[in-house]
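See structure below.
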Amino acid sequence: MLIKASVKRISALLGFSLVNQTKIITAAAELSRNALIYADQGKFKISVLDDTRRKGLQMIFSDSGPGIENIEQAMKDGYTSGHGMGLGLGGSKRLMDEFDIKSAIGVGTTISVTKWV
Amino acid sequence: MERIPILKVGQYLLITIQVDLHDKMILALQDELTNMIVKTGARGILIDISALEIVDSFIGRVLAQVASCAKLLDAETVVTGMRPAVAITMVELGISMKGVHTALNAEDGMELLNDILHRDEYAHDFSAIN
Amino acid sequence: MPSTVTKTPEIIKKNEQEMLEDWVKQQKKVLQNRIDHLSESTLKQQCKEFLNQFQTAVQSGEMKDIDQSKAWDGVRRFLAELSRSRALASFSPSETALFVFSLKQPLFTLMQREFKGEELANEIWTISELLDKLGLFTTEVYQQSREDVIRRQQQELLELSTPVMRMWEGVIAVPIIGTLDSARTQAIMENLLQEIVDTNAKLAILDISGVPTVDTQTAQHLIKTVSAAKLMGTQCIISGIRPQIAQTVVHLGIELDNVITKATMYDALAFALARRGWHVQRVNGASSSVEKLARQTSNMSGNLP
Ligand SMILES: Nc1ncnc2c1ncn2[C@@H]1O[C@H](COP(=O)(O)OP(=O)(O)OP(=O)(O)O)[C@@H](O)[C@H]1O
Ligand SMILES: [Mg+2]
């Protein structure tokens, strides 16, 4: 809930349209829930990117949970190892402009997503 | 824990979701709704989500599950008041909410439930004639 | 560690008042017809602020990497803001870059007075190079800001180019004319969904008879629009699918299962009205009375001299 509030405020300040704000908050909800469900905990970092040409919002979710064995499979719509719909990862990728996932068994998972204004 | 109130109006159960949902809250709501349908013999459920700023895969799944459960207990579910930005995001995410009826606002939702139940009655009459 | 030592900041500080006046005068000469956008006091304020930032940056000794280095942050930020506001106020690129370049004359006059011989040559070389870089920077930001303006205008045009019309109580329609790209379909989708809320429309007609071709992406955007409307509680009807587009859709294997399609806008409207429980009927004898009226008027005109 804290994550949601801060993502909302920052994306609004950056000038994202209402639709894009909604997309960003939803992606944040998906990825933080994943960390909570599959890794019990996680870290969240939000930053504003600015290369004088354009501004963007970057969110990084990292956990030290079990890691994902087969990333390609996990990204597929409909794949779930639990009781979900298997839409969180693939969906977040569609909702954002950039999506980067790193995961190692026994070490954890780090997902970084960016959307440009 | 805060609970979401369920209102009984005629043969319908009405729920207005006014706050951001915690996972536990919505799971509790799902349980309570199912029990209420059986207890009250309700024929329809109306869930108004006009206050929700996002619907993620979890809430989407629960709404669809509520509808499937209700259907098994002979009740129809209509979700009302979804905001445009939420709808666009849900489509992009890939959630379709099969089996859930939708309407623009609670009033339309009630009308829709009435129509669906009437249609069922007509179908009934029709089979009786044959 | 300072890569170049320059004494220029010192002489600027010493003669700041005189130089400011000179510099402002220079600019006013060229910016005459812009003075309405820019009061003299604002201009003076801007010049003063720049001189401050410039002196601080130069004193850091970092003269090479002014596009990146921290020491020049303040100068860059100030110039970016200035270029942006001038771009929005329709200044030309040269009028914008003038801000930096017009500093050369007053500054060099001053340097000629204060420095001699080799020192003068070195100082002028260093400062001139710096100002050229900064001038270039303002032009770049200017360009970028103009592009932003154009992009925004394109977006507004997109929204204007597809009006949503109220056809009947609870029925709206969007006649789409011209090529559909992703950006435009996106704009149409957002427009349409908002209009659905505003008019409480139960049915929405998307007429694409004016769309020459449809590619996979566009078709998918259309389907997404239909799905999003459905989630809100509104049924979409797509009308006017051209034969080629129908073939494309089938060829691409795009599912139009839960979409209602009608041949023409006319059919779509008739369907929508029926769906909403309306029944349209011609008033009995209406056609004959209209004919009578027409005959009378033609008689009248016949009687005119
Ligand atoms: N942080 C994580 N750590 C370990 N495994 C993960 C993590 N995130 C996702 N996974 C794995 O990837 C699978 C797919 O994730 P995704 O979010 O797409 O779907 P889901 O969580 O199963 O369902 P949904 O998100 O639709 O409710 C998960 O079932 C899980 O096995
Ligand atoms: Mg998930």
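Read-outs throughout are calculated quantities, based only on the coordinates presented, and are distinct from any laboratory measurement. Predicted, not measured: the structure shown is a model, and the values here were computed from it. Please note: Cβ atoms are built from the backbone with ideal geometry, for glycine as well, and neighbour counts cover all protein chains shown.
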Other residues with Cβ under 13 Å from the Cβ of A:ASP77 give, with Lys and Arg +1 and Asp and Glu -1, a net charge of 0
Taking the DSSP beta bridges in chain B as the whole, what percent of them are antiparallel, to the nearest 5?
-> 25
Describe numerically, in nm with one decimal, the distance between label points set 7 Å from Cα along Cα→Cβ at C:GLU18 and at A:ASP40.
-> 7.5
Here the equivalent ellipsoid of chain B, derived from its Cα gyration tensor, has semi-axes (largest first, whole Å) of 26, 17, 13
What is the average number of partner chain Cβ atoms found within 10 Å of a Cβ in C:196-202?
-> 3
Separation of alpha-carbon centers, the range C:243-259 and the range B:59-73, rounded to whole Å = 31
Of all DSSP beta bridges in the protein assembly as shown, what percent run antiparallel (nearest 5)?
-> 55
Suppose R0 equals 56 Å; then what is the FRET efficiency for C:THR126 and C:ALA263 from their Cβ-Cβ distance, rounded to the nearest 0.05?
-> 0.15
Name the residue, out of C:GLU118, C:GLU62, C:GLU129, whose mean-square fluctuation peaks in a Gaussian network model built on chain C with Cα pairs under 10 Å.
-> C:GLU118
Give the residue from C:PHE108, C:GLN144, A:GLN41 lying farthest towards the positive end of the charge dipole for the protein assembly as shown; charges sit on Cβ (+1 for Lys and Arg, -1 for Asp and Glu) and the dipole is referred to the Cα centre.
-> C:PHE108
Given H placed on each backbone N at 1.01 Å, which residues far from B:ALA42 in sequence or on other chains put an amide H within less than 5 Å of it?
-> none
Setting aside same-chain residues fewer than 8 positions from A:LYS55, which lysines have a Cα under 22 Å from its Cα?
-> A:LYS4, A:LYS8, A:LYS23, A:LYS45, A:LYS93, A:LYS115, C:LYS70
From the Cα centre of the range C:94-172 to that of the range A:69-112, the distance in Å is 43
Along the Cα-to-C-beta direction of A:ASP77, a point sits 7 Å from the Cα; which residues of the range B:90-106 have their amide N less than 13 Å from that point?
-> B:90-97
Among A:ASN20, A:ILE60, A:GLY106, whose Cα lies farthest out toward the positive end of the dipole of the range A:2-116, if unit charges sit on the beta carbon of Lys, Arg (+1) and Asp, Glu (-1)?
-> A:ASN20
Placing +1 at every Lys and Arg Cβ and -1 at every Asp and Glu Cβ, with all other atoms neutral, what dipole size does the protein assembly as shown have around its Cα centre, in debye to the nearest 20?
-> 660
Quick note on C:GLU16, A:GLU30, ordering by fewest other C-beta atoms within 10 Å, gives C:GLU16, A:GLU30
Please compute the net charge surrounding A:SER112, taking Lys and Arg as +1 and Asp and Glu as -1 over other residues with Cβ under 10 Å from its Cβ.
-> 0
Take the alpha carbon atoms of the range A:2-116, find their radius of gyration, then divide it by 2.2 N^0.38 Å using N residues; give the quotient.
-> 1.04
For the range A:2-16, Karplus-derived ³J(HN,Hα) couplings (6.51, -1.76, 1.60; θ = phi - 60°; whole Hz; x for glycine and proline) come out as 5, 4, 4, 4, 6, 4, 5, 5, 5, 5, 5, 4, 6, x, 5
Report the label-to-label distance for C:PHE78 and C:LYS133 in nanometres (one decimal), using points 7 Å from each Cα along the Cα→Cβ vector.
-> 1.6
Under a plain spin-label model, where a point goes 7 Å from the Cα along Cα-to-Cβ, how far apart in nm are C:ASP148 and A:SER47?
-> 2.2
Can you sort B:THR77, C:THR139 so the residue with the fewest Cβ neighbours within 10 Å comes first?
-> C:THR139, B:THR77
Rule-of-thumb Rg ratio for the protein assembly as shown [Cα; 2.2 N^0.38 Å; N residues] = 1.35
Mind checking which aspartates and glutamates have their Cα closer than 17 Å to the Cα of C:LYS13? Skip sequence neighbours fewer than 8 apart in that chain.
-> C:GLU21, C:ASP22, C:GLU49, C:GLU114, C:GLU123
Can you list the HN-Hα couplings for the range A:24-37, worked out from phi with the Karplus curve (6.51, -1.76, 1.60; θ = phi - 60°), rounded to whole Hz and with x for Gly and Pro?
-> 5, 5, 5, 4, 4, 4, 4, 6, 6, 5, 4, 4, 5, 6
Calculated from DSSP helices alone, with each H run of at least 4 adding -39500 (n - 2.57) and the total divided by the residues of chain C, [θ]222 nm to the nearest 500 comes to -21500 deg cm²/dmol
For the C:SER182, C:TRP278 Cβ pair and Förster radius 51 Å, calculated FRET efficiency rounded to 0.05 is 0.90
